[in-house]
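Written below as structure tokens is the structure these notes are about.
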Amino acid sequence: MEHQDKAVKDQIDEMIKQGILEVIGDAVSIQGTDFRVLYQNQAHRKLIGDHLGEYCYKVYECRDEVCEGCPVDMAFKDGMSHTTERSAATERGILHVEITASPIRDSSGKIIAGIEVARDITEHKRTDELLKRAATEWQHTFDSISDFVSVHDKDFRCTKVNKALADFKGIKPEDLVGEHCYKIFHGTQGKWPECPLDKMLKSKRTETVEIDDPHIGRPLLVTVSPILDDKGEVTGGVHIARDITEQKKMEKRLKVMDWAIKSSTNAMVLADLEANLTYVNPVFLKLWGYESEDEVLGMHCTKFWQVKDKSTEIVEALRNKGEWAGERGALRKDGSAFIVELSANMVRDDEGKPICMMASLVDITEKKKLEEQLRQAQKMEAVGQLAGGVAHDFNNILSAIIGYGHVTLLKMANDDPLRLNIEHMLEATDKASYLTQSLLAFSRKQITDKKPVGLNGIIKRVEKFLLRIMGEDIKVRTMLSEEALKVLADSGQLEQVLINLATNARDALPKGGTFTIATEKSRIDNEFIRAHGYGSPGRYALITVTDNGTGMNENTKQKIFEPFFTTKEPGKGTGLGLSIVYGIIKQHEGYINVYSEPGAGTIFRIYLPLIAEDIQSEGMTSKTEYPQRGSEVILLAEDDESLRQLTKSVLDEFGYKVIEAADGEDAVSKFLEHKDIIELFLSDLIMPKKSGKAAFDEIRKIKSGIRAIFISGYTADIIQQKGLLEKEMTLIFKPVSPIDLLKKIREELDKK
Ligand code: ADP
Ligand code: MG
């Protein structure tokens, strides 16, 4: 041992002497076979500290004994060089060193010591660690991207893929590396025609493409960005594919919703929480008269309403209650107004947070107008019923008064001082009778005598009369159609219509003016019906009656057809003129409407259904003559005692002989008793036990050729409807003036 030590020492001393070990920049130490440090050069001392004589393993982390992997130990054992990393606790802290140990042999080749070269790798190690950590972190980052990320070289080969893509393909990332991208994504053997990588390689810029390849099974948004080398050359590309299934679904939904809202027949509006418009559909633009969305978006919703306060009220309601529904007056761009039905609500997100406001609107101007028209028509109908009912009953009372009045007069001596009273009374009944007739006309219970007539002819005839009514200051003009206008009408009643309209025009033209009657052919079509809310389609004669007088306001216009509505001072207007006109036109299955504005005159339009039949010329009704007397025997059937008495006294007065019957049955039995002498059956139509007609049917069987006259308080319409009479039978209506009655009786008896 001594000997060996000596030899070793000598050898080492020799090396030291030669200075070889000192000039080596590396840290070098020599260990004896017992692992004691025999030598340290300066660099070694500086690096690890002075450890001469110590066991070398004490220096490093092995501490107390030779540890496994000790390079010195290994060099001793196999005589080769070994390199290992070790750490050493030094004054400067933990040091990482790379140790290379080699054996030193004597001349006989025996290992006598070990030489260790230590290199400080602390810095290197730290950098290495940092790099390693960075690489791992990068991998984690890369893998945590939910988009499919892959890196490709210029040959479309995949050099890197992230976990998302590998998971999607169900293949390990390393197995995808080296594959062509077209194979991975599209399953093809060649380039995909729309390949964004290909595009990028050509443009050298980031390219974005939406791909919907059934092979992938979901829509992808692919972005490929170039990877550049130091010289700026493209070496490959980063391929990021995003699954846009949800986005596409949402887009589709939004599109469908957009289409739906756009095609809605309602106007649809969205507004932000400040009530500024953010969306409007085409119906909204059309309704409010705007050209494009740009004009209205951003505008505050109050701008679209007639009354600003009322619209802020809606906004408040939406904020407080979340919804509002009702009607509002809206204002178009051009300032015109219309009415809309609006239903609005606050739009909230899934958490219930208000997002925006939404409203759906419908133009109900037309509907409102129609409703109003219907209401008006129903009102007229109700008033008509009432007026008609009263007039009908009142007529019977009036018949009694008129009848007794006349009878009394007939019986009075010509110089009787009371005659005048009766005459005044009868004058008054004339007025009362006119009144009831007017009401009956309005309520369409007047008897009409409709025949095919030429409208122009009637107007020409009545024109002369109108000239007289209108006076000198009013110009009367007629503009009649060249073609004949044939209508089924009671010409007397049409004359009445024109006279009533003319009288009103005269009153509306206190300072004179023009009154025009024009006729033309017209047509009522669906358009007309929609606009007016009434009418049945067909061809009509249109009479337009115009004056340039005072005109009337909306309120007056609404009421003019109502009976007793007048704006004229007491004594001047009765308020019956237009209600008669209305009744007559309705009874002719026609329509009348009025257009008027204060100061702008008035236009009445009357539509009467046209017919094709030949026209019968029709004159104005002739004046009455005094009735002739008679001597025939008349069977008078009337259940109303007072009326019967009245009629009997009239007939008596004029020479007739009267047999009375109190009802239908009584009439038949009375006829049987006196069948040989009775020449006329004068009967109320409606009676207890047996109607006048039923009684007459029996009487006719007893004596054919017997004449009859029926009296009724009912309108011709009702009688025909109930099938009470045959066409050729003579019918007169209550109240009957005795003169008319006597005339009819004479006519009937003379027919024989
Ligand atoms: P009267 O003439 O007795 O008042 P009408 O029924 O004939 O009754 O008319 C009712 C109201 O209609 C009139 O009081 C008037 O206010 C209005 N009117 C009718 N025709 C015209 C017209 N041509 N110009 C202006 N107002 C009219
Ligand atoms: Mg009038």
Seminar exercise, completed: When the stretch 537-560 is checked residue by residue, the ones that are away from ligand 2 (no atom under 16 Å from the Cβ) and basic (Lys, Arg) are Arg539
Problem set entry | Where a residue in the stretch 360-387 is in contact (Cβ under 8 Å) with a residue 60 or more places away in the chain and closer than 30 Å to Met346 by Cα and its partner, wherever it lies, is hydroxyl-bearing (Ser, Thr, Tyr) and open to solvent by less than 80 Å² (accessible area, probe 1.4 Å), with Cβ under 6 Å and at least six apart | Ser360/Ser343
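Return yes when Gln40 is of a type in the set (S, T, N, Q) and at pLDDT below 85 and no when it is not. Walk me through it before giving the result.
Details: of a type in the set (S, T, N, Q): yes; at pLDDT below 85: no.
For Gln40, the condition - of a type in the set (S, T, N, Q) and at pLDDT below 85 - is not met.
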Problem set entry | Residue satisfying all of: in the stretch 674-686; farther than 17 Å from Lys648 by Cβ and over 60 Å from the mean Cα position of the chain (by Cα); surrounded by the fewest Cβ atoms within 10 Å (Cβ to Cβ) among these | Asp676
Problem set entry | Among residues of the stretch 469-495, those that are over 14 Å from Gly590 (Cβ atoms) and either within 16 Å of ligand 2 (Cβ to nearest atom) or among the acidic types (Asp, Glu) (or both), counted | 9
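Of the residues that sit in the stretch 171-182 and are out of contact with any Cys (no Cβ under 9 Å at 6 or more places or on another chain) and part of a helix (DSSP H, G or I), which one is surrounded by the most Cβ atoms within 10 Å (Cβ to Cβ)? Lay out the reasoning, then the answer.
Residues of the stretch 171-182 that are out of contact with any Cys (no Cβ under 9 Å at 6 or more places or on another chain), as a first pass: 171-175.
With the extra rule that they be part of a helix (DSSP H, G or I), the set shrinks to 173-175.
Values: Pro173: 19, Glu174: 10, Asp175: 11.
Filtering first and then ranking leaves Pro173.
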Problem set entry | Any chance Ser107 is polar (S, T, N, Q) and either over 60 Å from the mean Cα position of the chain (by Cα) or at pLDDT below 90 (or both) | yes
For this session: Specify the residue that is surrounded by the most Cβ atoms within 10 Å (Cβ to Cβ); the eligible residues are those in the stretch 471-496 that are out of contact with any strand residue (DSSP E or B) (no Cβ under 7 Å at 6 or more places or on another chain) and within 19 Å of Asp547 (Cα to Cα).
Result: Leu494
For this session: Could you give me the residue pairs with C-beta distances under 6 Å whose first residue belongs to the stretch 566-580 and is without any contact (Cβ under 8 Å) to a residue 24 or more places away in the chain and aliphatic (A, V, I, L, M), whose second residue is more than 8 Å from ligand 2 (Cβ to nearest atom) and open to solvent by less than 20 Å² (accessible area, probe 1.4 Å) wherever it lies, and which are 6+ apart or on separate chains?
Result: none
Exercise. What number goes with the only condition from (1) within 12 Å of ligand 1 (Cβ to nearest atom); (2) within 16 Å of Leu610 (Cβ to Cβ) that Leu488 does not pass?
Worked result: (1)
For this session: Determine whether the stretch 330-339 contains at least one residue that is open to solvent by 20 Å² or more (accessible area, probe 1.4 Å), under 15 Å from the mean Cα position of the chain (by Cα) and closer than 26 Å to Glu291 by Cβ.
Result: yes
For this session: Sort out which residues of the stretch 643-686 are assigned to a helix (DSSP H, G or I) and of a type in the set (Lys, Arg), and write them in order of number.
Result: Arg644, Lys648, Lys670
Seminar exercise, completed: Sole miss for Leu498 among (1) away from ligand 2 (no atom under 16 Å from the Cβ); (2) out of contact with any Phe, Trp or Tyr (no Cβ under 6 Å at 6 or more places or on another chain); (3) on the phi < 0 side of the Ramachandran plot is condition (1)
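Which one of Ile529, Ile499 is of a type in the set (A, V, I, L, M), surrounded by fewer than 20 Cβ atoms within 10 Å (Cβ to Cβ), in a helix (DSSP H, G or I) and within 16 Å of ligand 1 (Cβ to nearest atom)? Don't jump to the end; show me each part of the working.
Values: Ile529 fails: within 16 Å of ligand 1 (Cβ to nearest atom).
The conditions single out Ile499.
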Problem set entry | Criterion violated by Asp155 - all others in (1) open to solvent by 70 Å² or more (accessible area, probe 1.4 Å); (2) of a type in the set (D, E, K, R); (3) outside any helix (DSSP H, G or I); (4) touching a helix residue (DSSP H, G or I) at 6+ places or on another chain (Cβ under 9 Å) satisfied | (4)
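Taking Lys310, is it touching a Lys or Arg at 6+ places or on another chain (Cβ under 9 Å) and loosely packed, with under 14 Cβ neighbours inside 10 Å? Let's see the steps before the verdict.
Details: touching a Lys or Arg at 6+ places or on another chain (Cβ under 9 Å): yes; loosely packed, with under 14 Cβ neighbours inside 10 Å: yes.
So Lys310 fits the description; yes.
Against the definition (more than 12 Å from ligand 1 (Cβ to nearest atom), surrounded by 13 or more Cβ atoms within 10 Å (Cβ to Cβ), modelled with pLDDT of 90 or more and not aromatic (Phe, Trp, Tyr)), how does Gly535 come out, yes or no?
Details: more than 12 Å from ligand 1 (Cβ to nearest atom): yes; surrounded by 13 or more Cβ atoms within 10 Å (Cβ to Cβ): yes; modelled with pLDDT of 90 or more: no; not aromatic (Phe, Trp, Tyr): yes.
No: the conditions fail for Gly535.
Yes or no: the stretch 346-367 includes at least one residue that is outside any helix (DSSP H, G or I), closer than 30 Å to His300 by Cα, touching a Gly at 6+ places or on another chain (Cβ under 6 Å) and not charged (D, E, K, R).
Among the residues of the stretch 346-367, at least one is outside any helix (DSSP H, G or I), closer than 30 Å to His300 by Cα, touching a Gly at 6+ places or on another chain (Cβ under 6 Å) and not charged (D, E, K, R), which makes the answer yes.
Kindly evaluate Gly217 against the criterion of being open to solvent by less than 50 Å² (accessible area, probe 1.4 Å) and not in a helix (DSSP H, G or I). Please lay out each step first, then the result.
Numbers: open to solvent by less than 50 Å² (accessible area, probe 1.4 Å): no; not in a helix (DSSP H, G or I): yes.
Spelling it out, it is not the case that Gly217 is open to solvent by less than 50 Å² (accessible area, probe 1.4 Å) and not in a helix (DSSP H, G or I).
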Exercise. When both residues are 6+ apart or on different chains and their Cβ atoms are under 9 Å apart, which pairs have a first residue that lies in the stretch 629-656 and is at positive phi, and a second that is modelled with pLDDT of 85 or more and surrounded by fewer than 16 Cβ atoms within 10 Å (Cβ to Cβ)?
Worked result: Gly655/Ser631
Problem set entry | Test: Tyr582 is more than 16 Å from ligand 2 (Cβ to nearest atom), aromatic (Phe, Trp, Tyr) and under 22 Å from Ala441 (Cβ atoms) | no
For this session: Could you check how many residues of the stretch 360-381 are in contact with a Ser or Thr (Cβ under 9 Å, 6 or more places away or on another chain), of a type in the set (A, V, I, L, M, F, W, C) and closer than 23 Å to Glu323 by Cβ?
Result: 2
Exercise. Among the residues of the stretch 450-465, is there at least one that is more than 12 Å from ligand 1 (Cβ to nearest atom), outside any helix (DSSP H, G or I), open to solvent by 50 Å² or more (accessible area, probe 1.4 Å) and closer than 20 Å to Asn593 by Cα?
Worked result: no
Seminar exercise, completed: Residue hits (the stretch 565-592; outside any helix (DSSP H, G or I), crowded, with 20+ Cβ neighbours inside 10 Å and more than 7 Å from ligand 1 (Cβ to nearest atom)) are His588, Gly590, Tyr591, Ile592
Exercise. Residues in the stretch 282-305: is at least one surrounded by 13 or more Cβ atoms within 10 Å (Cβ to Cβ) and touching a residue at least 60 places away in the same chain (Cβ under 8 Å)?
Worked result: yes
Exercise. Out of (1) open to solvent by less than 70 Å² (accessible area, probe 1.4 Å); (2) assigned to a strand (DSSP E or B); (3) more than 16 Å from Glu98 (Cα to Cα), what's the single condition that is false for Leu21?
Worked result: (2)
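Only one of Thr514, Thr556 is open to solvent by less than 50 Å² (accessible area, probe 1.4 Å), within 15 Å of ligand 1 (Cβ to nearest atom) and more than 30 Å from Lys368 (Cα to Cα); which?
Unique residue meeting the criteria: Thr514.
The values are calculated or read from the model by the stated rules, or taken from the named source; none is laboratory data. Remember, predicted model here, so these are calculated numbers, not experimental data. Neighbour counts run over all protein chains shown; Cβ positions are idealised from the backbone, glycine included. The accessibility values were calculated without ligands, DNA or RNA, using every heavy atom of the protein model including side chains. Shrake-Rupley method; radii C 1.70, N 1.55, O 1.52, S 1.80 Å.
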